[in-house]
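**Q** Please read through the structure below; I'll follow up with questions.
The values are calculated or read from the model by the stated rules, or taken from the named source; none is laboratory data. Since we're looking at a predicted model, the values are computed, not measured. Cβ coordinates were reconstructed from backbone atoms using ideal geometry, including for glycine residues, and neighbour counts include every protein chain displayed.
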C-alpha cells in the first residue's frame, strides 16, 4: 500500500570520533540527515549521451558546473559545462537563459532540462532548442508530452490536448465526481498517473473515474473562521466503490472511443500498456475480490475486447503492479512480473498469450526492472540478492534465462550500465560504508580494474558513535525475522538500558536494509541512542520483499502474525543482559500505529509506554482497495473485522498510549483516532492525544521536529 507508508526511522553506524564527540540535536536528526549530514555524493551522476563517458554536477567556489570523465582514458576527468557556457548555448539558440545551473539529462536525443518553467531539449549538434513542454502548459495539472509533440493536460477537471499552438478540449463533463486523466483506484496496483501516450505519441489512452456514488467524507479546514468542511470521496471497505473506464483519443481525428472492458463496473483496470504497433491496448483487469486477474487485449481502433492473453488466480489475492514491458526488437514479446511461484519474478510472453520462458527464479524477489541492453537481448533488473536486506543489479538473457549478478558484495547498490553494456557505475553503501561509487569494465574486468569515483567519509564523525547491528531472530513459525539494533552511545554491557521498539508490519514496506542508514532516512534512532536508549526494529511477517507466503500470512486477520513476531522480539530483548524489560516503549506510524495500538491492547504490561501515529483503528473505515485485498469485505469476514476493531477494545487499555494524527489526513482519516478516544472516555480509561492541523498522513517540514520532540518527551517521561 503506497499511502500507508510508515515514517522511515533511520539508523546510523559507529562513527570515527575526532576530538570531543557531540550529541545530535533533533534539528540535526530530522532536518539535516538528507542535506549537510548525508554521505557525500556525486550529484546527477549519469552516462553521457549513451556513451561510456560519465558526467556529474560539482560545486566549486560556490559555482555549479558539470564534470566529464572516461573510465577507459586512465580515469581522466575534466570540466565540461559551466553555467556561462550553457547560457551561451541557450542564448545562441534563442532560448531563455538561467541564473542557476539546472538539472540536465544528457541523452543521445538531446539535453533535457527545465528552463524557467519550460521543459526543453537542447540539440548540441545543431545548436537548436526544442520546447517539449511550454511553461504555460507545464503549470497545468497532470501535463505530459508525447513523442509526436502533443501535450495532454487537465484544466478545470477536463482533459485537453495541444500541439503547442492550438488546444483541443477532449472532455466536457469533468468535475469533482467525474475525474479524468488522473490516478485512479486510490493509487493501488502500481497506478501513479492517468495519461498513457502511445509509442508514436499520436494516440492517448486515459482514465475516466466516476465517483459520484462514493460517499463524501469531510476534512475540516480549521484555518478558516468558521471552520469549513472540505469534502473528499472516500470509498470504505464493503461500501460503494468508484467506476473506472478507459478512453482512447486519436489526435488525427480529434475523437475518442471507449474501451469495452465490461462489467462489473467496480472492477479494477490496471497496468495499462500499448502494444508497439499501437493496434492494441493491454489492461490487467482485476475483480473487486482481487483474487482473479485477466490480462486482456483490446482493439485500439474501436475499443472491442480481442482476447485474454492469460489469467492469474490466488485463493487469497492477486496484485498486479507493473505493466507489460515490450522487447524492442521483438515487438510480439513482452516481460511480465508476477509472484505466482511465491516470489516476484520475470516472465517472457508472446502476444498470443504463450509463456515462452520464466526468466528469473529463486527464493528472492525482483524489485525493479531497469531496461534492456542496446541489442535488446538482455534485461537489467534489481533483486534482493544476496539477502532480502541487500539490493544488487542483475542481468538476464532473454533467450537462455541465464541470470548474472553484476554488482559485487553485499549492500544496497544503485547501479547503471552504459548503453553498450560495457561499463558499470555502482553507487552503493552498507552499514559500515557511507557511500562508495565505482566505475568498472564489464567486458574485460581482469584487464581493467575498477576505479573509485568517490569514497564518502563518515558524515557523523564529529558525533557520538551509536553501534548498529543487523541480525535475525526466529519466530514460533520458524521464519527468520530481520532486526536492527542501535546500542546507546558509550554502551557498557553491565548496565541496564531502556528500550524503544519501532515497527510497521504491513505490506509494501521494508524497514531494514543493509545500507548506511539501515533502511531509513533520518537520524532519530541515533539521537535516542545518544540519550541512553537501545533502539530496536524488526520486519515482521506481512512486510515486503520476503515472498508471497511471508506476506499473505496476514490475510483476513491483520495483526495476528505480526503480534506473534513481536512476541519473539520481546522474548529476545528480555534475554539480553543490557535490556531493562521494565522500561520498554513501542512506536509505530500508519499500519505501525494500528499494530502498536493492537499490541498494547492485547499484550498489556509488556511496554510501559507507546506512541501510535496515524493509526487505523477500524479496518471497516479504511479504503476499499487496500482493505478488501487483505481483509475481504466486512460482510465476508465479520470475525476478522471484529477482531481488528480496536475501537471496540479500547476498554482493555492499561498502558500509557499517545495517539497522533494529522487533521487533514485523507488516507487514514482522523475519525479512526477520534472514535478511539471517545471509546476510551466511555470506558473510563485514559489516553493521550496530539493533533497536527494542516498536515495529512505524514507530518513534514519544520513541524516534523515538533512531532519527534513530542514522541521523545512522551517516551522519556515514562521510560526514564
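**Q** Of 260, 357, 288, 340, which residue is part of a loop (DSSP other than H, G, I, E, B) and closer than 28 Å to residue 403 by Cα? Quick ask: steps written out before the conclusion?
**A** Numbers: 260 fails: closer than 28 Å to residue 403 by Cα; 357 fails: part of a loop (DSSP other than H, G, I, E, B); 288 fails: closer than 28 Å to residue 403 by Cα.
So the residue among 260, 357, 288, 340 that is part of a loop (DSSP other than H, G, I, E, B) and closer than 28 Å to residue 403 by Cα is 340.
**Q** Condition first: closer than 20 Å to residue 241 by Cβ and more than 15 Å from the chain's Cα centre (by Cα). Now tell me which residues in segment 182-203 satisfy that.
**A** Selection gives 182, 183, 184, 185, 194.
**Q** OK, next. Among the listed residues 711, 663, 687, identify the single one that is within 14 Å of residue 611 (Cα to Cα) and under 26 Å from the mean Cα position of the chain (by Cα).
**A** The unique qualifying residue is 711.
**Q** Those residues that are surrounded by fewer than 24 Cβ atoms within 10 Å (Cβ to Cβ) and in a helix (DSSP H, G or I), I need them from segment 516-529; list them, please.
**A** none
**Q** Sticking with this structure for a sec: Quick check on this structure: which one of 562, 510 is assigned to a loop (DSSP other than H, G, I, E, B) and assigned by TED's automatic domain parsing to the domain that holds residue 709?
**A** 510
**Q** Would you mention how many residues in segment 113-132 are touching a helix residue (DSSP H, G or I) at 6+ places or on another chain (Cβ under 9 Å), more than 15 Å from residue 91 (Cβ to Cβ) and assigned to a loop (DSSP other than H, G, I, E, B)?
**A** Of the residues in that region, 1 qualify.
**Q** Among 219, 269, which is at pLDDT 95 or above, within 21 Å of residue 308 (Cβ to Cβ) and surrounded by 13 or more Cβ atoms within 10 Å (Cβ to Cβ)?
**A** 269
**Q** Continuing with this model, one more query. Find the residue count for segment 688-714, including only residues that are in a loop (DSSP other than H, G, I, E, B), surrounded by fewer than 18 Cβ atoms within 10 Å (Cβ to Cβ) and touching a strand residue (DSSP E or B) at 6+ places or on another chain (Cβ under 7 Å). Give the derivation first.
**A** Step one: filter segment 688-714 for residues in a loop (DSSP other than H, G, I, E, B), giving 693-702.
Retained after the next criterion (residues that are surrounded by fewer than 18 Cβ atoms within 10 Å (Cβ to Cβ)): 693-694, 696, 700-702.
Checking which are touching a strand residue (DSSP E or B) at 6+ places or on another chain (Cβ under 7 Å) leaves us with 696.
The total comes to 1.
**Q** Only residues that are under 21 Å from residue 489 (Cβ atoms), touching a strand residue (DSSP E or B) at 6+ places or on another chain (Cβ under 9 Å) and part of a loop (DSSP other than H, G, I, E, B): list them for segment 435-475, please.
**A** Those that are under 21 Å from residue 489 (Cβ atoms), touching a strand residue (DSSP E or B) at 6+ places or on another chain (Cβ under 9 Å) and part of a loop (DSSP other than H, G, I, E, B): 462, 464, 466, 467.
**Q** Just to check your reading of the model, which residue among 611, 685, 616 is in contact with a helix residue (DSSP H, G or I) (Cβ under 8 Å, 6 or more places away or on another chain), in a loop (DSSP other than H, G, I, E, B), modelled with pLDDT of 95 or more and surrounded by 21 or more Cβ atoms within 10 Å (Cβ to Cβ)?
**A** The conditions single out 616.
**Q** Being more than 25 Å from the chain's Cα centre (by Cα) and either surrounded by 15 or more Cβ atoms within 10 Å (Cβ to Cβ) or in a loop (DSSP other than H, G, I, E, B) (or both): is that true of residue 348 here?
**A** On the way: more than 25 Å from the chain's Cα centre (by Cα): yes; either surrounded by 15 or more Cβ atoms within 10 Å (Cβ to Cβ) or in a loop (DSSP other than H, G, I, E, B) (or both): yes.
So residue 348 fits the description; yes.
**Q** Of the residues 185, 243, only one is in contact with a helix residue (DSSP H, G or I) (Cβ under 9 Å, 6 or more places away or on another chain) and either buried (at least 20 other Cβ atoms within 10 Å of the Cβ) or in the same structural domain as residue 281 (by TED's automatic domain parsing) (or both); which?
**A** Every option except 185 fails the conditions.
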